[in-house]
Structure formats: C-alpha cells, structure tokens
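Encoded as structure tokens, the structure appears first; notes follow it.
The values are calculated or read from the model by the stated rules, or taken from the named source; none is laboratory data. Since we're looking at a predicted model, the values are computed, not measured. So basically every Cβ, Gly included, is an ideal-geometry build from the backbone, and we count neighbours across all protein chains shown. Protein only, heavy atoms only, side chains kept; ligands, DNA and RNA dropped before computing areas. Shrake-Rupley method; radii C 1.70, N 1.55, O 1.52, S 1.80 Å.
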Amino acid sequence: MEFHEALQEVLDAARQPKEHPPGMTPVALSGDAIGTMDLRARAWHESLTPAQEMVCRWVWESCAQHDEPWEQFEVGFLYDYNISHELAVWVRIALVFAEFLKQHPSVNKQQVIGELCRLSAGSRVTELKGNRAKELTELWKQGPQDLPDCE
C-alpha cells in the first residue's frame, strides 16, 4: 500500500460517524491513570490497521518525534475511540507544523507541538503563551493547503 492510499483510507474512515469501532474493547482507567479526570470509559484496540500504522509513522516522523518516543506515540492511538479521527487531527498538526517550520526553522519544536495540540483541542489564541500563538492560530484556521508528499 502506498502512503497516499493509506492516508485516504484513514481520512475516509475519520469522516464516518463515530460508531463502535470493530476490535475495540472498553476499559476503565482510574483517575490516577488519566490525570485529573474521574473514571472514564476508554477504548483499547489490539493494533493499528496497516493504513493507520503507515499514517501514524509518517506523523511521528514529521513532528511527534520531537515530543515522545515512537512506541509511546503509537500506543496512545490504541486508546482512542476512533483512531482514524485522531490520526486525521494529527495529520493536520503535522502539516501546520511543517508550514510553521518553513518560517521558523530554529524554533523549539517540542513547544510548538504542544501549542498545536492545544489548538487541536480547541484552545483560543488568548489561552496560548508566547508571541507565536497568533501565527500558529492563523495557520491552524487556514488548514493544510496540500496533502503530504511522501512515499
């Protein structure tokens, strides 16, 4: 499978209504395991599909490697109710990150990834810190101009 086919498969799945995904097992995590939240039903998937893994690896190589190890990044998706939806968000993060780096190649990449994660969760520019908040917010609002070009 080529990357663009994998990406299209993931994006198509992300557009589908959030149904009970096949292969998902509900689990409950205690408040300690997920920070300040109380008990919360979460999903556990046995593995990523080949398309999901290909896209996930591209996202990690494009931006997330600056934030966490591959194994930790991959396992995080296994707990998502809709893996493809979360991957679609991360594709957008990776594309905005790449666009931002064109103008600011020496920026602290880990901080930018954190700010993009907050934007993806709905934070407003006033909730972000630093002088790049407005620029990142504008890039986020514009959305990616092109799909990733890679093998």
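For the pair Arg124 and Asp12, a Förster radius of 30 Å applied to the C-beta separation gives a FRET efficiency near 0.50, rounded to the nearest 0.05.
Taking 35 Å as R0, compute the FRET efficiency from the Cβ-Cβ separation of Gln65 and Lys134 and round it to 0.05.
Details: r = 26 Å, r/R0 = 0.75.
Plugging the Cβ-Cβ distance into 1/(1 + (r/R0)^6) gives 0.85.
Using the Cβ-Cβ distance between Leu101 and Tyr81 with R0 = 25 Å, the FRET efficiency computed as 1/(1 + (r/R0)^6) comes to roughly 0.25. Distant-in-sequence amide contacts of Trp44, defined by a placed amide H-H separation under 5 Å and a gap of 5 or more residues or a different chain, comprise Thr25, Val27. Extension gain, Glu5 to Gln142, is 46.9 nm, computed as 0.36 nm per intervening residue step minus the present C-alpha separation.
Net charge around Ala6, counting only other residues with Cβ within less than 10 Å of its Cβ (Lys, Arg = +1; Asp, Glu = -1)? Before the final figure, lay out the partial values.
Numbers: positive: Arg57; negative: Glu2, Glu5, Glu9, Glu53.
Surrounding charge for Ala6 is -3.
Accessible area of region 68-121 with a 1.4 Å probe: how many percent of it is carbon plus sulfur? Heavy-atom surface of region 68-121 belonging to carbon and sulfur, 1.4 Å probe: 49 percent.
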